[in-house]
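Trainee: Sharing a structure with you now.
The values are calculated or read from the model by the stated rules, or taken from the named source; none is laboratory data. These numbers come from a predicted model, not from an experiment. Cβ placement follows ideal geometry from the backbone for every residue including glycine, while neighbour counts extend to all protein chains displayed. Side chains included, ligands, DNA and RNA excluded: accessible areas come from the protein's heavy atoms. Shrake-Rupley method; radii C 1.70, N 1.55, O 1.52, S 1.80 Å.
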Amino acid sequence: MDRTYVIGVAGGTASGKTTIVQIIKNYFGEGIELIGHDCYYKAHDNMPFEEREKLNYDHPWSFDTERMIEDVIALKSGKVIERPVYDYSDHNRAKETVTVYPKKILMLEGILILESEALRNLMDLKIFVDTDADERLMRRITRDMAERGRSVESVLRQYRSTVKPMHEQFVEPSKKYADLIIPRGGKNNVAVAILKNYLKKIMDGEAAE
């Protein structure tokens, strides 16, 4: 297999990162592999649920980024990895893993993937999805209630205590490392079309190094 191109997609919580990578995945199919930084939340098996619930999940320390870096390096070298799985409802890493095979394009997604210099250095293209804070909060409330079993009160409490301050301290400053900034997330059809065209050239072997 030819070398793997690594595309990083960062941005604030509920900015539309996942929507964009899913659009790209659906368009290209099996030629692309997606890996979320959230899969690499650290395990806290010895900590009670009530304590895990209080952890700051928006700080770089909450992620096992070193393992993600090792896995990306392995995939770039043509090796198969076992990706961890995170259980949002339990606030802990699950016991099972997912087998991931190397592909032509590897897309990494997460709020803090541009914060790590070592992870950035593995990327061929760095994208930041930039969406209005109020819109992101509304989306997060809807998503966390529907998909992660949270109440409105718990979502707002977490947003005030960790999500917003960590966004201002770590996520927003990482935007300066992006090669491409996409406003409005997956609703920006023009930007998504440009990204599709760029990735198609990579698939066809036409993209410049």
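Trainee: Can you list the strands (runs of 3 or more DSSP E) lying wholly within the range 1-104 that have 1 or more residues being of a type in the set (Ser, Thr, Tyr), open to solvent by less than 50 Å² (accessible area, probe 1.4 Å) and in contact with a strand residue (DSSP E or B) (Cβ under 7 Å, 6 or more places away or on another chain)?
Mentor: Numbers: elements: 5-11, 32-36, 81-87, 92-100.
Fully inside the range 1-104 and qualifying: 5-11, 81-87.
Trainee: A follow-up question, please. The conditions are (1) more than 14 Å from the chain's Cα centre (by Cα); (2) modelled with pLDDT of 95 or more, and ALA133 fails exactly one of them. Which is it?
Mentor: Only one criterion is unmet by ALA133, namely (2).
Trainee: How many of the residues making up the range 76-100 are within 26 Å of PHE170 (Cβ to Cβ), of a type outside the set (S, T, N, Q) and touching a Phe, Trp or Tyr at 6+ places or on another chain (Cβ under 8 Å)?
Mentor: 6
Trainee: Can you name every residue in the range 114-132 that is of a type in the set (A, V, I, L, M, F, W, C) and more than 20 Å from PRO60 (Cα to Cα)? Before you say what the answer is, go through the steps one by one.
Mentor: The initial filter retains those residues of the range 114-132 that are of a type in the set (A, V, I, L, M, F, W, C), namely 114, 118-119, 122-123, 125, 127-129.
LEU125 - this is the single residue of the range 114-132 that is of a type in the set (A, V, I, L, M, F, W, C) and more than 20 Å from PRO60 (Cα to Cα).
Trainee: Restricting to the range 149-194, what's the tally of residues that are hydroxyl-bearing (Ser, Thr, Tyr) and in contact with a His (Cβ under 8 Å, 6 or more places away or on another chain)? Reasoning before the result, please.
Mentor: Initial filter on the range 149-194 (hydroxyl-bearing (Ser, Thr, Tyr)): 151, 154, 159, 161-162, 174, 177.
If we keep only those that are in contact with a His (Cβ under 8 Å, 6 or more places away or on another chain) as well, we get 162.
Qualifying residue count, the range 149-194: 1.
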